[in-house]
Amino acid sequence: MRYHITLLLAKTISFLMRLCGRRATHLPGSIAIRLCPDFLKHVGRPKTIIAVTGTNGKTTVCNLLIDALKENGYDLMSNSFGSNINAGVASALLHNCTIFGRVKKQLAVLEVDERSSLLIYPYIRPDYILCTNLLRDSIKRNAHVEFIQYIINSAMQDNAKLILNGDDILTCALGSEKQQKRFFGIARMPGDRDVPSPYAVRDITCCPVCDAKLKYEFVRYNHIGKVYCENCGFRSPDCDYLVTKIDEENGAVTVLHNGVSTDYKMVNNNIVNIYNMVAVIAVLQEFGVKPEGIQRAFEKAHVVKSRYFSESVCGKELVMQLAKGYNPIACSRVFDYIAKGDEKKAIMFNLDDRDDAKSSSEKITWMYDCDYSSLTDPSITQILVGGKRRYDQLVRLLLAGVPREKIHMTEFEVDTPSLIDLEQADKIFILYDIYTTEMGEIVHDRLKAKIIAESKKAGEKA
């Protein structure tokens, strides 16, 4: 009775919020769980649930997965417009059922925050769980990565088929021997190292079986790569879905599965998005989508604008790039990506945490877990920093070896466009945190206006 009353009330609240033009993606679910703590246990469950978790890449993978499934004719529900904690999942399931609790759609793709696993998995019992990676994240949110691994494992149900990153030894350890596991990864590529970078943190250095020091066949970044133990013979698993070729010139990747190689259009040439691509390919094929259906979907696929957006303005390339503040590995990957290419580049830092900036609390440890060494590349001519932690960023950049004359500071992030020397930049990256998207857009608009104005002046002089 309690569940049915809660369902009716939550459905009413959701309807009224939508009537007022609001998405109702969090509040109805939050109220439902508060009134009925085991609401997720009772609410209508789709026949098949695909859950996506991991430190980085969840949202991109979910968006690519949803688009590909729809392109192949599947009718599904998701929480893509809401939160990925239990309240967001509850709201999504609530919207997918009638007032009598009957399910409207029989397939769900749900993004699940790794810390919320214990509050979600035991109730919804996903059929497929994809884990993109387990990497160091914000200390204040996620503590240590092995703690997150423990949470996910404690919540795991034996019925779920696991699709795991075979190049991440921490992710590989998820689940039990009873579960079906499929691994995805990327073969050794030019630029991969024989030994770890001295500037990159690693969250696992010892064998999980015998505690001897792990060796690498190759290391790509942080602890991502192929490892083995000389003492006990432990090693990374072979991948069921393996990227064997990355053809940037033709914008394609080749994936080997069951001895058959298939080419797919490259969604984005950042290595983290190559991982996201092969993760999606693995889930789709395990679910039953044929390679040709995946190829067709990837022809139309792209990384969502909230993560990456590029445009040309008067001969300058402007790039809006999400770089999660307080997430050292995500920021390291962005810095490394920016350093590639010979064109002259400028970077605008807008990475202060929105809530911490309000209270002025000092959370800067993530900067020293983050690898800033890529920012010393000669192609990066200017780094423009604004916000309360601009001096902290200055110190970190100087310690990494960035010349002082390349670093320019201003009190407010939105004023960084005023500092840029456009003659010294062909490509400009605007970095912003997931909670400061609006600020990033203001910076983008001001920068775009400056480029247009200076281009117009130059035209008039000519």
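A few comments on the model shown:
- Val219 fulfils the conditions (1) in a loop (DSSP other than H, G, I, E, B); (2) closer than 24 Å to Phe147 by Cβ except for a single criterion, (1).
- When the range 372-402 is limited to residues that are out of contact with any strand residue (DSSP E or B) (no Cβ under 6 Å at 6 or more places or on another chain) and among the basic types (Lys, Arg), the one that is most open to solvent (accessible area, probe 1.4 Å) turns out to be Lys388.
- Scanning the range 255-280 for residues that are over 13 Å from Phe298 (Cα atoms), assigned to a helix (DSSP H, G or I) and β-branched (Val, Ile, Thr) yields Ile271, Val272.
- Among the residues of the range 229-254, the one identified as touching a Phe, Trp or Tyr at 6+ places or on another chain (Cβ under 9 Å), part of a strand (DSSP E or B) and open to solvent by 60 Å² or more (accessible area, probe 1.4 Å) is Arg235.
- Just one of the listed residues (His223, His257) is under 20 Å from Asp167 (Cα atoms), open to solvent by less than 20 Å² (accessible area, probe 1.4 Å) and of a type outside the set (D, E, K, R), namely His223.
- Taking the range 38-56 as the range and being modelled with pLDDT of 90 or more and open to solvent by less than 10 Å² (accessible area, probe 1.4 Å) as the test, the residues that pass are Pro46, Ile49, Ile50, Ala51, Val52, Thr53, Gly54, Thr55.
- The one condition in (1) more than 21 Å from the chain's Cα centre (by Cα); (2) of a type outside the set (A, V, I, L, M, F, W, C); (3) buried (at least 16 other Cβ atoms within 10 Å of the Cβ); (4) under 28 Å from Arg396 (Cβ atoms) that Asp194 fails to fulfil: (3)
- Against the conditions (1) modelled with pLDDT of 95 or more; (2) more than 25 Å from Lys181 (Cα to Cα); (3) among the basic types (Lys, Arg); (4) surrounded by fewer than 16 Cβ atoms within 10 Å (Cβ to Cβ), Lys265 satisfies every one except (4).
- Selection from the range 1-42 of residues that are basic (Lys, Arg) and without any contact (Cβ under 8 Å) to a residue 60 or more places away in the chain: Arg2, Arg18, Arg22, Arg23, Arg34
- Test: residue in the range 115-129 that is closer than 29 Å to Thr365 by Cβ, within 16 Å of the chain's Cα centre (by Cα), open to solvent by less than 10 Å² (accessible area, probe 1.4 Å) and not basic (Lys, Arg): no
The values are calculated or read from the model by the stated rules, or taken from the named source; none is laboratory data. Fair warning: this is a prediction, and the values are worked out from it, not measured in the lab. When we count neighbours, we look across all protein chains shown, and the Cβ atoms used for this are built from the backbone with ideal geometry, even at glycine. These area figures cover heavy atoms from the full protein model, side chains too; ligands, DNA and RNA do not enter into them. Shrake-Rupley method; radii C 1.70, N 1.55, O 1.52, S 1.80 Å.
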